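Input: a single structure, listed below in structure tokens.
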């Protein structure tokens, strides 16, 4: 038996933070679609104990339908900086 499948390329975007896991979780809840954020975006906050940091790991599952991604990233940065 042979199975063949195809999907859109996945865009992975990881942000390392020098904060605690609560902040990473708050950010991932803002960006992922299930929580009202970006369509076609999945995210999770992860603690990287060996490096002493936390990370927000995001996967953009359809970069064509989630256009323009850079505009959304700029929106995220402006929210972070308190200018949105």
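Rule-based calculations on the coordinates, nothing more; no lab input. Owing to the predicted nature of the structure, the values given are computational and were not obtained by experimental measurement. We place every Cβ from the backbone using ideal geometry, glycine too, and count neighbours over all the protein chains shown.
Using a Förster distance of 41 angstrom, determine the FRET efficiency expected from the C-beta separation of residue 26 and residue 2, and round it to 0.05.
Details: r = 44 Å, r/R0 = 1.08.
Approximately 0.40, to the nearest 0.05.
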Q) Which entry in (1) 25, 19, 10; (2) 28, 18, 8; (3) 27, 22, 9 is this structure's computed semi-axes √(5λ) of the Cα gyration tensor in Å? A) (1)
Q) Expressed as an acute angle from 0 to 90° and rounded to the nearest 10, what is the orientation of the C-alpha long axis of helix 69-81 relative to the principal long axis of the chain? A) 20 degrees
Q. What is the order of 13, 40, fewest Cβ neighbours within 10 Å to most?
A. 13, 40
Q.
Sequence gap at least 6, Cα distance under 8 Å: using those rules, report the relative contact order of the chain to the nearest whole percent.
A. 30 percent
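Run lengths n ≥ 4 of DSSP H only: what is the helix-derived mean residue ellipticity at 222 nm for the chain, with -39500 (n - 2.57) per run over all residues, to the nearest 500?
-9000 deg cm²/dmol
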Q | Tilt relative to the chain, helix 21-31 - C-alpha long axis, 0 to 90 degrees, to 10 | A | 50 degrees
